[in-house]
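What follows is a set of notes on a single structure, which appears directly below.
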Amino acid sequence: MNKEKARVEDFSLEKLRAGDRAEFALLMDVYSGVVYRLGIKMLDDPQDAEDILQETFIKAYRYLGDFDGRSSLSTWLYRIATNEALMLIRKRKNTPLSIDEQLDQDLEIEKPFQIVDWCCLPEKEMMSAEARRYMHQAVEQLSPNLRAVFVLRDIEGLSTEETSRALNLSESAVKTRLSRARMRLRELLTAYFSERMAAQGVAEAGDD
Amino acid sequence: MDHEHCHLLLNSLSDYVEGDLSEELCAEIDRHLQDCENCRIVIDTLRKTVYLYHETVEPPITPPDVKERLFARLELNEFLNSNS
Ligand SMILES: [Zn+2]
């Protein structure tokens, strides 16, 4: 992830602003992968991810003149892409969570209720194809606001500061949302992995 | 998870995992973890959760057909294969 981040600052902002097509094509070449991945994580649908990808670069091309260079070019692209993703989620009728549930999830720190130590499971088991699918689906269960923070911080590897710029949020709000997202995912993974443990017949330590 | 220290921990959990807390608060939490197994398990499984997500991040690859349509949409087809 850091390799790609380092590369973007090699682009010539002057060329990009002047509408240099080869330079813009290079930007797309380097960044299409992360933007597409972000779309998949945010919407879990290849067609939606493709729409986000195209819209992101269309907007980037159109608004490069307004890019003020205060954030890095990569953060700026993440910002456009995340906005596109959140807009598309809002446009959908069948959002999995009601507005009220979303607010609850965003505002309340969740008390852990599943206390099972599944850390002793073999790594092979925790990273199986099935486990990965479950982990992916768990992210889709986060409210869109928590999901955006989690995807930028823990999937795309942005810093707190970069995430706060990309989402136009304070750094403390980023930290709080990340904490909630991770706790929620811990809860979901605990449900899944404790079942795997039971299936394996491993003693469930610390279960009271 | 219902005595005072567990709540303290809960509120500072992410910062603790990130190593982002003041020394004082960190030491307090360390002390608490020594005699609270529940919090220890929460911390361990939280760390593991973050670790698993970091370890399983897929490489950022755009499927070739998706990439082709992207370049076509931006009318930049002529540059499609010149960079990679
Ligand atoms: Zn405790």
Review point. Within region B:9-17, can one find any residue that is more than 23 Å from A:THR160 (Cβ to Cβ) and within 12 Å of the ligand (Cβ to nearest atom)?
Key: no
Revision key, fill the gap. Taking region B:18-52 and keeping only residues that are within 15 Å of the ligand (Cβ to nearest atom), touching a residue at least 24 places away in the same chain (Cβ under 8 Å) and within 8 Å of another protein chain (Cβ to nearest Cβ), one is left with B:ASN38, B:VAL42, B:LEU46
Review point. Across region A:55-81, what is the number of residues that are among the polar types (S, T, N, Q) and either in a loop (DSSP other than H, G, I, E, B) or more than 17 Å from A:ASP10 (Cα to Cα) (or both)?
Key: 3
Practice item. Filter region B:61-84 for residues that are modelled with pLDDT under 90 and within 7 Å of chain A (Cβ to nearest Cβ) and give the result. Key: B:ASN83, B:SER84
Practice item. Would you check if A:ASP48 is assigned to a loop (DSSP other than H, G, I, E, B) and more than 11 Å from every other protein chain (Cβ to nearest Cβ)? Key: no
Point to revise | B:ALA72 farther than 27 Å from A:GLU123 by Cβ, within 16 Å of the ligand (Cβ to nearest atom) and among the aliphatic types (A, V, I, L, M) | key: no
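The values are calculated or read from the model by the stated rules, or taken from the named source; none is laboratory data. Remember, it's a predicted structure, so these values are computed and weren't measured experimentally. Neighbour counts run over all protein chains shown; Cβ positions are idealised from the backbone, glycine included.
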